[in-house]
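To start, the structure itself, in structure tokens.
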Amino acid sequence: MEDDDFISKSRRKRQMTELQVAGAALVKLSREQLERLDIPEALREAVLDVMERTLPPDHPSIHVARQNLALTLFQLGDLAGARSLQEKVLDARERTLPADHRDLQAAREILALTMLQLGDLNGALAAYRDSLTIFKALADRDKSNTQWQSDLSMSDSKIGDALKAQGKLDEAAKRFRDTIRRQPFHIEARLALASLHVDQNRFAAAERELAEIIQNVEKAIEQPEGEKLKPLAARCRNMLGHVLYRLGNHARAVEVLDMAMADAGDDVPRQAQILGDRALALSGLDEHEQAIHVRQNPIGRCEWRSSPPSSWRGYPHQALA
């Protein structure tokens with residue numbers, strides 16, 4: 001028994017030594033290497049702790065580790081924890097980077113997204129507007145810089161998202177249109193504008209917007225490696241099918257939703273949304289028996305859509321997810 005204990009202690013000591021060596025190697029990784037590394041949250045916390053003890057407070061590796069951990073916390077639903085780390089990253093970026101540095105603006109916008117999810121709409125909007133001021137100055141400085149022009153468009157679109165969350169739909173629409181004016185093929189802004197039209201019961205406008213988006217996506221799918229855009233096509237057709245249902249064009253809605261299902265592949269959540277809308281459209285065609293069958297399909301799970309079709313309003317937001 002004593003020999004076994006001795007062996008176990010020796011093995012544990014060796015394992016601890018190996019872990020210490022691995023930990024030291026992790027702390028010495030470059031920023032690029034750390035960004036590519038996929039490690040468990042507990043290990044990331046340990047690496048961050050060691051970095052904070054052994055590196056200067058404003059060392060870039062600490063900011064990267066904090067941002068990565070914040071992302072993990074965000075994905076796990078710990079929004080308050082993610083916000084705390086993101087605020088530390090932003091504070092450090094503001095102290096060490098020029099005011100127009102892209103990394104600083106990225107840190108500000110990541111924090112804004114978390115604020116948005118936490119319901120701090122004013123804080124999110126303020127952060128997005130701070131970024132917009134910088135991105136606009138950069139874009140005006142060099143109109144040939146496509147990255148800066150893209151940053152400006154994305155920033156406008158994010159402000160639109162924040163305004164929409166506040167219920168300021170007209171202001172949000174203006175932001176989305178500004179984005180589209182700069183970048184006519186900005187899919188997210190166009191989908192957001194279409195969703196906004198639905199919120200305002202402007203279904204004909206939403207149909208026109210979505211039809212044009214789908215036309216552009218179809219052209220892109222025909223290009224090399226265009227098959228990767230099939231999930232986007234499914235998402236757009238899913239929205240259009242719902243809009244057609246709301247317009248009372250039930251037969252066309254079923255047709256479009258069938259096309260969406262073909263594009264959805266193995267995306268079960270998308271399939272569920274499509275089947276739910278298809279059931280509503282079938283009901284509009286008086287095909288109640290088939291609609292009930294669709295809504296009871298294990299993929300569709302009709303329970304998640306219990307509101308009466310005439311009053312149900314939330315779906316376009318989910319389609320944008």
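When the range 171-211 is examined, which residues are found to be surrounded by 23 or more Cβ atoms within 10 Å (Cβ to Cβ) and touching a His at 6+ places or on another chain (Cβ under 6 Å)? Residues satisfying the conditions are 179, 206. Scanning the range 75-125 for residues that are assigned to a helix (DSSP H, G or I), closer than 16 Å to residue 159 by Cβ and among the acidic types (Asp, Glu) turns up just one, 109. Within the range 192-208, is even one residue under 19 Å from residue 236 (Cβ atoms), touching a residue at least 40 places away in the same chain (Cβ under 8 Å) and charged (D, E, K, R)? Yes, the range 192-208 contains at least one residue that is under 19 Å from residue 236 (Cβ atoms), touching a residue at least 40 places away in the same chain (Cβ under 8 Å) and charged (D, E, K, R).
Condition check ((1) at pLDDT 80 or above; (2) over 22 Å from residue 160 (Cα atoms)) across all residues:
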| residue | (1), (2) |
| --- | --- |
| 17 | no, yes |
| 34 | no, yes |
| 81 | yes, yes |
| 88 | yes, yes |
| 93 | yes, yes |
| 104 | yes, no |
| 111 | yes, no |
| 117 | yes, no |
| 121 | yes, no |
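Quick check on the range 245-252. Is at least one of its residues over 18 Å from the mean Cα position of the chain (by Cα), closer than 24 Å to residue 159 by Cβ and part of a helix (DSSP H, G or I)? No, the conditions are met nowhere in the range 245-252.
Scanning the range 148-187 for residues that are in contact (Cβ under 8 Å) with a residue 40 or more places away in the chain and closer than 17 Å to residue 132 by Cβ turns up 151, 155, 158, 161, 162, 165, 166.
Assess whether residue 193 counts as being within 21 Å of residue 243 (Cβ to Cβ) and assigned to a helix (DSSP H, G or I). Yes, satisfied.
The values are calculated or read from the model by the stated rules, or taken from the named source; none is laboratory data. Remember, predicted model here, so these are calculated numbers, not experimental data. All Cβ positions, glycine included, derive from the backbone under ideal geometry; neighbour counts span all protein chains shown.
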